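Notes follow once the structure below has been shown.
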Amino acid sequence: MAKQKNRHTRSTPSAPNPFEEARDELFQHIMQCEVIGSHPEDQEAWFGETMQYLEQRYSELSKEQLAELRKLGTRFAQPPKRREESDTASAA
């Protein structure tokens, strides 16, 4: 009998690209700094400082990518919507 080759070879996971690394780091900072639920003015100041830091740390990112990061971070920092609000919106 001939030996069968193992068809289930493990592939090595690809390394995240700089945008993904910056996004993940931003989300971690948001959670660690308790930005979620903070006052909107405080969030704005925090995001201004943090985005300057990320721009320096990830210099390979374009202005568009940095703007996208800020948009994602702002959405991530919003408090979760209450269940009743989403049920009412879907029923309308």
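Extension gain, Ser38 to Asp24, is 3.0 nm, computed as 0.36 nm per intervening residue step minus the present C-alpha separation. Taken one residue at a time, the phi angles of segment 36-44 give Karplus couplings (6.51, -1.76, 1.60, θ = phi - 60°) of 4, x, 7, 4, x, 5, 5, 4, 4 Hz. Gly and Pro are set to x.
No value in this document is a laboratory result; all are computed from the given coordinates. None of these values were measured; they are calculated from a predicted model.
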